[in-house]
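The values are calculated or read from the model by the stated rules, or taken from the named source; none is laboratory data. Computed from a predicted model, the values in this text were never measured in an experiment. When we count neighbours, we look across all protein chains shown, and the Cβ atoms used for this are built from the backbone with ideal geometry, even at glycine. Keep in mind that these areas ignore ligands, DNA and RNA; they rest on the heavy atoms of the full protein, side chains included. Shrake-Rupley method; radii C 1.70, N 1.55, O 1.52, S 1.80 Å.
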Amino acid sequence: VTATAVGVPPPKGVYSIPAREPNAFAAGVRGNTAVAVTQGLLDTLSERELKAVLAHEMGHLKHKDVGRNMHVAIVVAGLGGLTHAGLELMRAARAQNVAARRRAGAQRSAGRAGAANGDDAHESSSEPIMGLGAAMCVAGLSTQAVAHALRLGASRAAELEADRAAAEAFGADSVINALTKVSQRAAVHDDLRSSALGASMAHVMISNRPSAADVAFASRSRRAQDKADSTLQRGLGRRWLGRAAQMLSTHPSLEVRVAALRAIN
């Protein structure tokens, strides 16, 4: 029913993870897909809120976010290879210089003329290699940083789009209530994200380590949240540190997500 409401084929499987932390994620590509939810999520949400979370995850499948994340990860890994190659070139050039100095020292000890000139000539010949390696390192690190920033931005946008898909299927209030409950309980229980496997998958979960600001926002009354939404939409009170932290996050803040969902209504 949930898949039909979102407009995607049903996933091959829906799995329950024995963790108290309320969370969910989707995985798979090209029809071989699955959605997983934790026992904590099942215990925390109402039936309609649970459907909204499942719709959010199926929204990711609809927009092919899982496949895109895989492609971006491959690109970032490739750019890391450029940096690694640059480091290897620099190491090779440095090793050649060390070997040349040792040979020159041995030649001077033996009283052979021209050793110092040969040493200088060899160091000069290795300078282009050292420069190329340094340039490759700078290029690799710079492009990796840009790619990572783009990936984070795309991830935040994908979360908002998945929220919208869920809201269109089961109503914005259901999604807001689910996100609020998840943020509150996830601040207490993090047994999924704290595991090695969970940490590697945290960026694709519906909640990735809610911040103190998220928890504080979740505890506010509806009226207080509406006032915060109005302030956010007018562009007032935007703390620079908070905005900078958001740039380094895979998920929008709860305040931003709630504001976007209420704008749908």
Notebook entry, point to check: Yes or no: residue 67 assigned to a helix (DSSP H, G or I) and modelled with pLDDT of 75 or more?
Noted result: no
Margin query: of a type outside the set (D, E, K, R), open to solvent by 40 Å² or more (accessible area, probe 1.4 Å) and in contact with a Lys or Arg (Cβ under 7 Å, 6 or more places away or on another chain): which single residue out of 187, 199 fits that description?
Written below: 199
Next item on the list: Starting from region 17-33, take each residue that is open to solvent by 30 Å² or more (accessible area, probe 1.4 Å) and list its partners that are of a type in the set (Lys, Arg), counting only C-beta distances under 8 angstrom and pairs at least six apart or across chains.
Entry: 29/64; 31/12; 32/12
Next item on the list: Say whether the condition of being of a type in the set (Lys, Arg), under 24 Å from residue 248 (Cα atoms) and either at pLDDT below 90 or out of contact with any Leu (no Cβ under 9 Å at 6 or more places or on another chain) (or both) is met by at least one residue in region 154-171.
Entry: yes
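Out of contact with any Pro (no Cβ under 9 Å at 6 or more places or on another chain) and in a helix (DSSP H, G or I), is that true of residue 85?
yes
Taking residue 74, is it among the aliphatic types (A, V, I, L, M) and open to solvent by less than 70 Å² (accessible area, probe 1.4 Å)? Steps first, answer last, please.
Working: among the aliphatic types (A, V, I, L, M): yes; open to solvent by less than 70 Å² (accessible area, probe 1.4 Å): no.
Against the criterion (among the aliphatic types (A, V, I, L, M) and open to solvent by less than 70 Å² (accessible area, probe 1.4 Å)), residue 74 does not qualify.
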Margin query: Here's a check for you: in region 1-25, which residue that is among the small types (Gly, Ala, Ser) and modelled with pLDDT under 90 is nearest to residue 198 (Cα to Cα)?
Written below: 13
Check: Is it the case that residue 43 is open to solvent by 30 Å² or more (accessible area, probe 1.4 Å), assigned to a helix (DSSP H, G or I) and modelled with pLDDT under 75?
Finding: no
Margin query: With the requirement that a residue be out of contact with any Pro (no Cβ under 9 Å at 6 or more places or on another chain), part of a helix (DSSP H, G or I) and among the basic types (Lys, Arg), what does region 155-214 give you?
Written below: 164
Notebook entry, point to check: Can we say residue 230 is modelled with pLDDT of 60 or more and over 15 Å from the mean Cα position of the chain (by Cα)?
Noted result: no
Checklist line | Count of residues meeting criterion [surrounded by fewer than 16 Cβ atoms within 10 Å (Cβ to Cβ) and either at pLDDT 80 or above or assigned to a helix (DSSP H, G or I) (or both)] in region 216-227 | finding: 7
